[in-house]
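Input: a single structure, listed below in structure tokens.
The values are calculated or read from the model by the stated rules, or taken from the named source; none is laboratory data. Because the structure is a prediction, the values reported are computed rather than measured. We place every Cβ from the backbone using ideal geometry, glycine too, and count neighbours over all the protein chains shown. Remember, those area values only see protein heavy atoms, side chains included, never the ligands or the DNA or RNA. Shrake-Rupley method; radii C 1.70, N 1.55, O 1.52, S 1.80 Å.
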Amino acid sequence: AKPSEITPRSALLLAKALQEAGLPDGVFNIVQGYGAACGSSLVSHPDVSAVSFTGGTATGAQVAALAAPQFKKLSLELGGKNPCVVFADCDIEATVRGIVRSSFLNSGQICLCGSRILVEDDGKGFYDRFLSAFAAA
């Protein structure tokens, strides 16, 4: 796995958890580095038979172009719209803080940026309370 250079530690923590769970060495490997150098080397390497990429469409096009000549198995998740789903039993203040942070962290230039908010309408005014709290944030 080659994680985003923005979040390298999360993949290392996953690798550590897998190792502690008993996954044999060599089954899950981490390669850290920038996409242009490290990622393109991995995608174009003849020993890599499958590639899964999550990110922007421009980079996805580059990944596909590198994988295509070798007919590699390829999975691309590009430019998705990540919904924030809010249920009536949530802590409204904590949820609003989390959604605002996820929507505007890194100016929205991150693949897990919350770009839609789906709010439960429980018929008891939760939607309106949430909307007021969000607008005030």
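Here is how the numbers come out for the structure above:
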quantity	calculated
Highest-MSF residue in the chain out of 125, 60, 39 [GNM, Cα springs under 10 Å]	125
Of 86, 51, 27, the one that fluctuates the most in a GNM where the chain has Cα springs shorter than 10 Å	27
Cα long-axis angle, helix 8-20 against the chain (0 to 90 degrees, to the nearest 10)	80 degrees
Segment residue 102-residue 49, extension gain: residue separation times 0.36 nm, minus the distance between their alpha carbons	15.7 nm
Helix 57-67 vs. the chain, principal-axis angle (Cα, 0 to 90°, nearest 10)	20 degrees
Relative frequency of Cα-Cα separations exceeding 27 Å in the chain, percent	41 percent
Spacing of the two label points (7 Å from each Cα toward its C-beta) at residue 31 and residue 71, in nm	2.2 nm
Angle between the chain longest axis and helix 126-136 axis [Cα atoms, degrees, rounded to 10]	80 degrees
Viscosity 1.567 mPa s, 4 °C: Kirkwood-radius Stokes-Einstein D of the range 29-92 over Cα pairs, µm²/s	95 µm²/s
Whole-number accessible area per residue in Å² for the chain, which is evaluated in the context of all protein chains at 1.4 Å	69 Å²
Neighbour count of at most 15 Cβ within 10 Å plus DSSP loop: longest chymotrypsin sites (Phe, Trp or Tyr not before Pro)-free window in the chain	88-137
